[in-house]
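The values are calculated or read from the model by the stated rules, or taken from the named source; none is laboratory data. Bear in mind the structure is a predicted one, so any value in this text is a computation, not a measurement. Note that we place each Cβ from the backbone using ideal geometry, even for glycine, and neighbour counts take in every protein chain shown. Note: areas computed on protein heavy atoms with side chains; ligands, DNA, RNA excluded. Shrake-Rupley method; radii C 1.70, N 1.55, O 1.52, S 1.80 Å.
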Amino acid sequence: MNSWLIKNASVLGRRNADIAITDGVITAVGEGLDAPEGAEILDASGLVALPGLVDLHTHLREPGREDAETVESGSRAAALGGYTAVCAMANTSPVADTAGVVEQVWRLGRDAGLVDVQPIGAVTVGLAGEQMAELGAMADSAAKVRIFSDDGFCVADPKMMRRALEYVKAFGGVIAQHAEEPRLTGGAQMHEGEYSARLGLAGWPAVAEEAIIARDCLLTGHVDSRLHVCHVSTAGSVEILRWAKSKGWRVTAEVCPHHLLLTDERAATYDPVNKVNPPLRTDADIEALRAGLAEGVIDAVATDHAPHAAEDKECEWAAARPGMLGLQTALSIVVKTMVEPGLLDWDGVAERMSRTPARIAGLEGHGLDPAPGVPANLTLIDPNASWTVVPNELASLSRNTPYSAMTFPATVRATFLRGEATVLDGKATK
Ligand SMILES: [Zn+2]
């Protein structure tokens, strides 16, 4: 069934209207619409309708760590979080550095049918930073890869970074950088600051991120290519991005929900659920990141959804893998940190979580406001509901959420992928 009449939704939080969908495509948006033939009717009174969310940064763990997540389980978490498309990071096992692996991930996503899974290709073979991967073959593959990233690792060699930036220009690609100067973060366990000194844990200084972002902005400007900066986490990074954009360089950036909400004080618990890379930073960083996101210096919110099996997370801090679940909590955290304080309205949420990420990723049919002729990729949100995070109730195969027992505003009531309901009444349909 992919014909619907969604009645009385608040479209982009602006005006109440019905949305008619026939065969997966929106046919009309307006008041008092008649139901298309054979359509199901959904009363959306009190719900906000946004274009389906798009995540630029998801770790789905398949192939290789299907105990932590699969393309299907991660896709289900995404749909429940209001997403209709996710970009799957390349640090799988084997690494997604060939046409074969990216096509495998793309097909698994298509078979799961819950969100569009757009594979990201590795920049270097095996993420090792030494030999460029076959970017052109991945771009030409069925997966049509446009974003390349060694995420998890930084493309630290400036010559390699320059070559990759130059190479992707041929097919309109973008290099997504995990900005971390490895010579400054050896053995790092958390943000370098007051708490790392007090706890006696090796620090990950802000300058290790900022130095790479500055370098890569300069390189991008020099070769006139496209750079996307992953998970910006410091106030200084926001300043550098503002400067790079003022030059007219083609630089975009994302921020993760956890960096908008949580601080390095969390490390005092010694609970590795709070270990993430880049690390949780300070209140001053949070303030600058929120302001940067409101202003548009930071273009998008991305989850860095990073599921880990219990043995990789429920251990001592130093041995734990970095990363947190993010797909099912992202929207609520953006509402809490950006909408409730008045920094973004619902249209702004659509801009930062759907339109702009879809544009950065080059995803056709996503990030489009409800209008006749547009594929029906939509999410319906109850802005007045709240929910409490129960790790066992999340759809991910992993449990590493730092938000256990926390209560957040806004729930996803329904998600539609090309008119097919992937979520109804807040539950996945498959
Ligand atoms: Zn990363």
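Over the alpha carbons of the stretch 239-365, what is the largest minus smallest coordinate on each principal axis, giving the biggest first in Å?
Principal extents (largest minus smallest coordinate, Cα): 44, 34, 30 Å.
Mind listing the long-range amide H neighbours of Val123? Cut-off is under 5 Å, sequence gap 5 or more, other chains count too, H placed in the peptide plane at 1.01 Å from N.
Amide H to amide H, under 5 Å and 5 or more residues apart or across chains, Val123 pairs with Ser149, Asp150.
Would you mind checking which residues have amide H under 5 Å from Ser386's amide H? H placed 1.01 Å from N; only 5 or more apart, or other chain.
The answer is Ala410.
Per residue, how much accessible area does the stretch 73-122 have with a 1.4 Å probe, in Å²?
Per-residue value: 26 Å².
I need the semi-axes of the equivalent ellipsoid of the stretch 18-168: take the C-alpha gyration tensor, multiply each eigenvalue by 5, square-root it, list largest first in whole angstrom.
Those come to 37, 16, 14 Å.
Go ahead and set up a Gaussian network model of the chain, Cα springs under 10 Å, then flag whichever of Val174, Val390, Val71 fluctuates most.
Top of the fluctuation ranking is Val390.
In the stretch 51-82, which trypsin sites (Lys or Arg not before Pro) fall in coil by DSSP and have 16 or fewer other Cβ atoms within 10 Å?
Counting only loop positions with at most 16 other Cβ atoms within 10 Å, none of the trypsin sites (Lys or Arg not before Pro) in the stretch 51-82 qualifies.
List every residue whose amide H lies under 5 Å from the amide H of Ala28, counting only residues 5 or more places away in sequence or on a different chain, with H placed 1.01 Å from N in the peptide plane.
Placed amide hydrogens put Ala20 under 5 Å from Ala28.
Regarding the stretch 313-430, what's the average projected area of the Cα-atom convex hull, expressed in nm²? Can you show the working numbers first?
Working: hull surface 36.7 nm².
Averaged projected hull area, Cα only: 9.2 nm².
Kindly provide the GluC sites (Glu not before Pro) of the stretch 61-129 that DSSP labels as loop, not H, G, I, E or B, and whose Cβ sees at most 16 other Cβ atoms within 10 Å.
Here the sparse-neighbourhood loop sites are Glu66.
Considering only protein heavy atoms and a probe of 1.4 Å, how much of the accessible area of the chain is carbon and sulfur, as a whole percent?
48 percent
Rounded to the nearest whole Å², what accessible area per residue is found for the stretch 211-328 with the 1.4 Å probe?
On the way: 3860 Å² over 118 residues.
Result: 33 Å² of accessible area for each residue.
How about the stretch 336-399: which GluC sites (Glu not before Pro) there lie in a loop by DSSP and see at most 12 other Cβ atoms within 10 Å?
The qualifying sites are Glu364.
What are the semi-axes of the equivalent ellipsoid of the stretch 164-281, taken as the square roots of 5 times the eigenvalues of the Cα gyration tensor, listed largest first and rounded to whole Å? Mind showing how you got there, number by number?
Values: eigenvalues 175, 33, 31 Å².
The equivalent ellipsoid of the stretch 164-281 has semi-axes of 30, 13, 12 Å.
Could you tell me the relative contact order of the chain? Use alpha-carbon pairs under 8 Å, at least six residues apart, and round to a whole percent.
So the answer I get is 20 percent.
Counting each pair of different Cα atoms once, what's the Kirkwood radius of the stretch 149-206 in Å, rounded to one decimal? Can you show the working numbers first?
Details: mean 1/r = 0.0762 Å⁻¹.
About 13.1 Å for the stretch 149-206.
In degrees, nearest 10, range 0 to 90: what is the angle between the Cα axis of helix 99-112 and the longest Cα principal axis of the chain?
30 degrees
Select from Ala350, Ala284, Ala176 the residue whose mean-square fluctuation is largest in a Gaussian network model of the chain (Cα-Cα springs shorter than 10 Å).
Sorting by GNM fluctuation, first place goes to Ala284.
Report the rotationally averaged projected area of the chain based on its alpha-carbon convex hull, in square nanometres.
18.4 nm²
Scattering from the C-alpha atoms of the stretch 187-241 alone, worked out with Debye: what is log10 I(q)/I(0) at q = 0.16, 0.19 1/Å?
Debye curve over Cα of the stretch 187-241, log10 I(q)/I(0) at q = 0.16, 0.19 Å⁻¹: -0.55, -0.69.
Sum up the charges of everything whose Cβ sits under 13 Å from the Cβ of Thr27, counting Lys and Arg as +1 and Asp and Glu as -1, but leave Thr27 out.
Taking every Cβ under 13 Å from that of Thr27, the sum is -4.
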